[in-house]
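A short write-up of the structure that comes next.
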Amino acid sequence: MPKLALLNQSGENVGEIALAESVFAIEPNQQVLYDVIKAQRAAKRQGTQKAKTRAEVRGGGRKPWRQKGTGRARQGSTRSPQWTGGGVVFAPTPRDYSYRVNRKVRRLALRSALTLKVNENKFVVLDKILIETPKTKTMIEVLNTLSIQGKIMIVLPEMNETIALAARNIPGVLVTTVEQASVYDIMNARSILTTQDAVKKYEEVLG
């Protein structure tokens, strides 16, 4: 059973927290991570691209010149794909890129992502995060005290508006909850900052 130091906001060691092996110490499955992240990125695509086919382009109903005798290639419409202003061959149309991934696969990918962060020593657990006023300066001081830099994901047991407001203007910092944190977000972050209550919630959901 892996154990991590339990810190407070001042960066002081206030104890130790034991992590469940079934959630934070499994053998990471790289293929499952790839499949789930690919699906989550596909779901983020807008899919609003659109171009007109020759049937949708306005005009072009008249034959530009007679069939024979001009010395030029025969043409039936000025809206054919080879013409400027013509339609597009196999034009893209709006579509939904998302696809379904099995629930067991998603859960395995989430456990694999959490395990990788723990193995890389990029998983920081606090006893609690307490910010009284939604000030960016206060959140920056907390992160600097903990010596956490780069892309940071703060995972809370439930959304705290004060913390979210204090962190939203800091580049590279994402505040989310246990339910909303995706595998892509975890792997995209350099460090995970969470609380012991959030860890217990992960163990209840994934254990």
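Restricting attention to the stretch 19-61, the residues that are out of contact with any Gly (no Cβ under 8 Å at 6 or more places or on another chain), part of a helix (DSSP H, G or I) and not small (Gly, Ala, Ser) add up to 14. Every condition in (1) in contact with a helix residue (DSSP H, G or I) (Cβ under 7 Å, 6 or more places away or on another chain); (2) free of Cβ contacts under 8 Å to residues at least 40 places away in the same chain is met by LEU6 except one, and the failing one is (2).
Specify which of the listed residues (GLY15, GLY11) is in contact with a Leu (Cβ under 6 Å, 6 or more places away or on another chain), at pLDDT below 95, of a type outside the set (D, E, K, R) and assigned to a loop (DSSP other than H, G, I, E, B).
Values: GLY15 fails: assigned to a loop (DSSP other than H, G, I, E, B).
When all the criteria are applied, what remains is GLY11.
Where helices (runs of 4 or more DSSP H) fall wholly inside the stretch 75-170, the ranges with 2 or more residues that are in contact with a helix residue (DSSP H, G or I) (Cβ under 7 Å, 6 or more places away or on another chain) and either of a type in the set (D, E, K, R) or surrounded by fewer than 19 Cβ atoms within 10 Å (Cβ to Cβ) (or both) are 103-119, 136-145. Taking every residue in the stretch 41-63 that is over 15 Å from SER77 (Cα atoms) and pairing it with any residue that is hydrophobic (A, V, I, L, M, F, W, C) and surrounded by 12 or more Cβ atoms within 10 Å (Cβ to Cβ), at least 6 positions away or on another chain, the pairs with Cβ-Cβ distances below 6 Å are ALA51/VAL88; ALA51/ALA91.
The values are calculated or read from the model by the stated rules, or taken from the named source; none is laboratory data. Keep in mind that what you see is a predicted model, and the values were worked out from it rather than measured. Methodologically, a virtual Cβ is constructed for each residue, glycine included, from the backbone with ideal geometry; neighbour enumeration extends over all protein chains shown.
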